[in-house]
Amino acid sequence: MPIYLLSIFLTYKQEQKIYKQKIKKDPSLKLPPLESYPDYNEALKFKEHLSYKLGEALLKAFKTWYKGGLFRFWFKIKKLKKEI
């Protein structure tokens, strides 16, 4: 599993480098802003779902585990349950 994740990360970095080189050569290839996509408003609705918010809180908790993020995560869950 770690080797697979490393390979995904390396291909992502390589694709980003190629994309930046193409943008330097031809700026018209640049991707449009997110707001211009037709399903942008639908994506904003998904950000308000409980499962999305829980996942976001869990990621934040694991990123700050050394500051007590996992302990704070339980309080965040209780707060999200009250919002429902």
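Observations on the model:
- Selection from Phe46, Ile84, Pro27 lying farthest towards where the dipole of the chain points positive, charges on Cβ: Ile84
- Violating pairs (Cα-Cα greater than 21 angstrom) within the set Lys17/Lys47; Lys30/Lys53; Lys45/Lys81: Lys17/Lys47; Lys30/Lys53
- Relative to the current alpha-carbon distance between Asp39 and Tyr12, full extension at 0.36 nm per residue lengthens the span by 7.3 nm.
- Take the Cα of Tyr66, step 7 Å toward its Cβ, do the same at Met1, and the gap between the two points is 2.3 nm.
- Options [x] 1.57; [y] 1.79; [z] 1.05 - which one matches Cα Rg over 2.2 N^0.38 Å as calculated here: [x]
- Over the chain: helical MRE at 222 nm, DSSP H runs n ≥ 4 each giving -39500 (n - 2.57), nearest 500: -23500 deg cm²/dmol
- Choice from Leu44, Leu54, Leu31 with maximal GNM fluctuation in the chain (Cα, 10 Å cutoff): Leu31
- Taking 26 Å as the straight-line reach from the Cα of Lys24, the lysines in range (excluding those fewer than 8 positions away in the same chain) are Lys13.
Read-outs: derived from the displayed coordinates by stated rules, not from any lab. Small disclaimer: the values here were computed from a predicted structure and weren't measured. Methodologically, a virtual Cβ is constructed for each residue, glycine included, from the backbone with ideal geometry; neighbour enumeration extends over all protein chains shown.
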